[in-house]
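Remarks on the structure that follows.
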Amino acid sequence: MEKKFLAYLKDIGLTKELVDRVESLYTSYQSISSEEITDLFITDYLTKERKRIYENLWFFSENYIMEAKQFISQDNLDIAPNKKNIIYFQVEKKDYDLKKASEKSRINLNIRFGAILRGDLKASEKNCDYLWKIVKDHFLPNLE
């Protein structure tokens, strides 16, 4: 797995055990798709007690978006085309200026791929910056 991915996982606080899990899923997706994975993202949120909860793991390649739902406890993998397949997305943000996240920053993204498929991505604190980069690099260029 690329060093930039490992740096991201460390930056958002994943344990060694969870990094190993991400690497395992990365390998699975590399065997499903012949394309190089260029980005990854993990949805997260904070509980009222400020405990970070990680939900879904997303991988991105030139032509595909791949999601491992509830990646910590499940092997629920899907893949969808990305090229000009996004018909709608909605951004809901709190204490985030789309430039630099703070510990109060939160962002939720609702996205639709074609008429049926949809995705929900959320981020807290510094992970907001990573999600916004994914929006700029993978979602905005692929709006129909």
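A short reminder: the numbers here are calculations on the coordinates, not readings from a lab. These numbers come from a predicted model, not from an experiment. Cβ coordinates were reconstructed from backbone atoms using ideal geometry, including for glycine residues, and neighbour counts include every protein chain displayed.
Selection of strands (runs of 3 or more DSSP E) fully inside region 59-113 by the criterion of at least 3 residues being buried (at least 19 other Cβ atoms within 10 Å of the Cβ), of a type in the set (Lys, Arg) and in contact (Cβ under 8 Å) with a residue 12 or more places away in the chain returns nothing. Could you list, in sequence order, all residues of region 36-58 that are surrounded by 15 or more Cβ atoms within 10 Å (Cβ to Cβ) and more than 16 Å from Asn127 (Cα to Cα)? Within region 36-58, just Ile37 meets the criteria. Tyr29: in a helix (DSSP H, G or I), in contact with a strand residue (DSSP E or B) (Cβ under 9 Å, 6 or more places away or on another chain) and within 17 Å of Ile134 (Cβ to Cβ), yes or no? For Tyr29, the condition - in a helix (DSSP H, G or I), in contact with a strand residue (DSSP E or B) (Cβ under 9 Å, 6 or more places away or on another chain) and within 17 Å of Ile134 (Cβ to Cβ) - is met.
Could you grab me the full set of residues in region 77-125 that are more than 16 Å from the chain's Cα centre (by Cα) and among the aromatic types (Phe, Trp, Tyr)? Selection gives Tyr88, Tyr96.
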